[in-house]
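The values are calculated or read from the model by the stated rules, or taken from the named source; none is laboratory data. These numbers come from a predicted model, not from an experiment. FYI the Cβ positions are ideal-geometry reconstructions off the backbone, even for glycines, and counts take in every protein chain you see.
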Amino acid sequence: MRHSSTELPNLTMIHGNNIKRLKEVDKLVALTRLKSLSLHGNPTESVSGYRQYIVTHIPQLQTVDFSGVTKADRKVSDVWMKMMIGKDSKETRKPKMTME
């Protein structure tokens, strides 16, 4: 992403982009007027749970990939995020195996 989100504060729609890593979506959080985001054709589209990640991180979105974001989508996304947070915390508690 070449532009800083502070340079485009009134942006309401993003499409035809090349977001390679899902974490790059975090940069869009500052775009408080963003209502529509399409990752169609992006490498991130193949990441499992990418829609839930986006809906959770950019809550003001009304459409993702040209599909409306429903209350049910938001609930599923919230549950998904809680599961991911729980999964991450369990993985960090596991002892690390080393080959010596």
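What's the total number of residues in the range 12-35 that are crowded, with 17+ Cβ neighbours inside 10 Å and either modelled with pLDDT of 90 or more or part of a helix (DSSP H, G or I) (or both)?
6
Consider the range 18-42. How many of its residues are more than 22 Å from VAL76 (Cβ to Cβ), touching a helix residue (DSSP H, G or I) at 6+ places or on another chain (Cβ under 9 Å) and of a type outside the set (A, V, I, L, M, F, W, C)?
Qualifying residue count, the range 18-42: 5.
Hey, any hits in the range 42-53 for a residue that's basic (Lys, Arg) and more than 10 Å from the chain's Cα centre (by Cα)?
Looking for residues that are basic (Lys, Arg) and more than 10 Å from the chain's Cα centre (by Cα), one finds none in the range 42-53, hence no.
Considering the range 40-65 alone, what residues qualify as being part of a loop (DSSP other than H, G, I, E, B) and under 14 Å from ASN18 (Cβ atoms)?
HIS40, GLY41, ASN42
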